[in-house]
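The values are calculated or read from the model by the stated rules, or taken from the named source; none is laboratory data. What you are looking at is a predicted structure, and each value in this text was computed from that prediction instead of being measured. Because the Cβ atoms are built from the backbone with ideal geometry, glycine has one as well, and the counts that use them run over all protein chains shown.
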Amino acid sequence: MALATVFREMVFLSVLGSILAIGLFSIKMLFRKKLSASWHYAIWFVLVLRLVIPFTPPTPFNIFNILPQYPASLALPHEAQLQTQAVSQAPASIFPVTPEQNTSEIVTENKVGEQAVSGPVSLPGKFALSWKTAALVWLAGVLAGLLYILITNVLLLLRLRKQPVCRDENVLSILEKCRHSLSVAAKVSMIYGDKLQSPALFGLFRPKIIIALELIAKLSPEELRYIFLHELSHLKRQDLLVNTLVTLIQVIYWFNPLIVYALQRMKQDCEIACDATALAVVQPEEHKKYGHTVISLMQLLANPNSLPGTLGFAGKFPAKRIQMIASFPQTSLKWAMVTLILTLLVGCSSLSNPLSPDQTNENQQNTQNAQNPASNSGQNGTDAPDPANEVEPSAEPANSAPAGEDANSVYQNNIYGFKFSLPESWPSYTTVSSRWEGRDADSGLITATGPQISLRDSRWSEANPRQDIPIMIFTLDQWNSLQKDDFHIGAAPINPRELGRNSSYVFALPARYNFAFPEGFEEVEKTLADHPLQPIQQQVRPNDDSALLVLLNIRQFASDGKVSDIPFAAQTSTIAAVEKAWGKPDSAEYVAPANGTYASYGSRQTVFGYNKQGQIFEVRSYDSSLHKITASEVKEAFMAPPVYNKEYNGQIIFGYNAGPNFNLEFVFSPGNPDLTLDHYNVLYPKGTDAPGREW
């Protein structure tokens, strides 16, 4: 699994863990005086389980099932309406597409399939920190933490090898009696520490109690006994092993301060629970003396903190320990049951994953899968068609209702092969077409794309938006690749939920589709629970959109001033940097109309335009693999007519805005019914020596 994907999973588990930690804090606060120290410590293990088990079965109890869910394709209802109204005034523009953002064409149709309005939806903004970069920062933090723990423990082990072993029979006799009192089977040695630090237990396999010789001289035999009972209680309870696991979890989730703090509180509760174990084997009248020993050690020690890999007697939280020692509370059966029930409720809401596939639809789906087996090639399919290009068959409209069924209640799509029973409360419907985009977790490139058809209640309005029913359409290869994390859709690691499939396509519901619970979402959820989607036979073969992925990535690179596969960018690169890396150009010619010099690199099919200061203001690509791309495919990819459309020297130029700083131009060769691409370029107008130049 790619590093970025692993980090995405860690972030997702971190969010679930944070929700669970807040719930556990609430339980502990609510019953702080009703629960024993052991109970306060034990409930933290629910959090540990959540953080160490990445894959758990989905259940309806997870809190993410009731949180607002955001569609994976950004054809949002209010944006669709705005763009429909403003299409004639707003210029087309393009922006970098992030996992949460998409530039979608809004095609609103009436219920019999007649196109009403189409126009662009532009979502500004840029996600500056990629998942891959964030994953590298996370990994660096994890490695730094592990290195610190390793070095600290190795140095401690080397230092202890040079320290003398305790041979004092009186001290060893007290240790042995304590070991028998707690029924600890393991043999424990005692080593004199070289610093006046807290007595500590060290060693998973050969446990040792470390205590300074100077400290032994200042403690009475009774106080020494209490210290040994505490350290041996750690051994009896396997606290060293748990502490090691918790420390590793803290290192892995270092980026989440709430998780780190919660696990630190768990360690504190471990010490208090260990006190409770020790107090259980002494007389009640000794509890006060045990507390005095804790206070005495705090006064004697210069550094009460224990090192990573050790468990010490003293710490920086004596008040809670003294309070527990003074009261030594026991948990009644009533409060134990209440706490257990609440902990299970909180735990179930976060220990399980959110629902992905419809569990109630499992048997029906298995039957469909048996009838329509999916391909297992696992490739990132790029042949998903776009509903914007639908060609309705002559016999029947693409979204008409089957004979004998109410056209208001059933949407039928003959291109992809499915029909959908609409909510009974909808008087009629329209459709909104857009695209989903899948990105490689490592490179961030768009490696898969496909159509999304949103069914909309005709009562929807900008002032009163209602819940849409978005249906994502995947090829079988795309769906299989998505399940294997070959690409991801959106930021959260929650895949779309399958609604049904036929022999060619999988139809799915976007994760968190009902964001903000708009009006009508209950009716939509009720409809989805009745399994409204049914596959049918396709009557029209969709277009191949393999060129679409290339154009989507060209759009993405252009927003950074770059041309695909070229390491130099307009605005930020200079011609000197190009010559240092690639050598002298084949030719360099000053072009007066452009007020700049153009350097050609024929073998690399690239031309750079630069100004008097050497700053690159234009990058052109003559990549021969792009020559089959047509003008209609460009318009389809950008889902808008060009902002700039001009004929120059016999060539047709389409121009689009690529964010606030750059323009993107496609230059087509004439001579055939559908213009084919000759080259394209990314322009930084502010870098030219021609004031006011835009194209």
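Points worth noting:
- Residue count for the range 444-485, restricted to those that are in a helix (DSSP H, G or I), closer than 16 Å to Phe507 by Cβ and hydroxyl-bearing (Ser, Thr, Tyr): 0
- In the range 585-695, counting only strands (runs of 3 or more DSSP E) that sit wholly within it, the ones holding 2 or more residues that are over 27 Å from Thr449 (Cα atoms) and in contact with a Lys or Arg (Cβ under 8 Å, 6 or more places away or on another chain) span 606-610.
- From Leu241, Leu215, Leu182, residue being of a type in the set (A, V, I, L, M), within 23 Å of Ala37 (Cα to Cα) and over 36 Å from the mean Cα position of the chain (by Cα): Leu182
- Filter result for Ser461 (out of contact with any strand residue (DSSP E or B) (no Cβ under 7 Å at 6 or more places or on another chain), within 19 Å of Phe420 (Cα to Cα) and either modelled with pLDDT under 85 or surrounded by fewer than 22 Cβ atoms within 10 Å (Cβ to Cβ) (or both)): no
- Residue match in the range 536-552 (condition: assigned to a strand (DSSP E or B) and either in the same structural domain as Asn649 (by TED's automatic domain parsing) or surrounded by 18 or more Cβ atoms within 10 Å (Cβ to Cβ) (or both)): no
- Among the helices (runs of 4 or more DSSP H) confined to the range 153-254, the ones with at least 2 residues that are closer than 30 Å to Met10 by Cα are located at 239-252.
- Total residues in the range 617-627, condition β-branched (Val, Ile, Thr) and touching a helix residue (DSSP H, G or I) at 6+ places or on another chain (Cβ under 6 Å): 0
- Odd one out for Ser181 among (1) crowded, with 19+ Cβ neighbours inside 10 Å; (2) closer than 15 Å to Asp275 by Cα: (1)
- Gly203 falls short on exactly one of the conditions (1) more than 27 Å from Leu51 (Cα to Cα); (2) under 42 Å from the mean Cα position of the chain (by Cα); (3) in contact (Cβ under 8 Å) with a residue 24 or more places away in the chain, and that condition is (1).
- If the condition is being polar (S, T, N, Q) and either outside the structural domain of Phe638 (by TED's automatic domain parsing) or free of Cβ contacts under 8 Å to residues at least 12 places away in the same chain (or both), then the range 652-687 contributes only Asn672.
- Hits in the range 415-438 - residues which are in a strand (DSSP E or B) and either over 15 Å from Gln467 (Cα atoms) or free of Cβ contacts under 8 Å to residues at least 60 places away in the same chain (or both): Phe418, Lys419, Phe420, Ser421, Ser433, Ser434, Arg435, Trp436, Glu437, Gly438
- In the range 120-174, the residues that are modelled with pLDDT under 85, among the aromatic types (Phe, Trp, Tyr) and over 21 Å from the mean Cα position of the chain (by Cα): none
- Hey, Glu633 surrounded by 20 or more Cβ atoms within 10 Å (Cβ to Cβ) and not polar (S, T, N, Q) or not: yes
- Filtered residues of the range 474-508 (kept if within 22 Å of the chain's Cα centre (by Cα) and surrounded by 23 or more Cβ atoms within 10 Å (Cβ to Cβ)): Phe474, Gln478, Trp479, His488, Ile489, Gly490, Pro496, Ala508
- Residue satisfying all of: in the range 5-48; of a type in the set (Gly, Ala, Ser) and either more than 22 Å from Ala441 (Cβ to Cβ) or not assigned by TED's automatic domain parsing to the domain that holds Ala280 (or both); surrounded by the fewest Cβ atoms within 10 Å (Cβ to Cβ) among these: Ser26
- Unmet criterion (only one of (1) modelled with pLDDT of 90 or more; (2) under 18 Å from Ala558 (Cα atoms)) for Ala637: (1)
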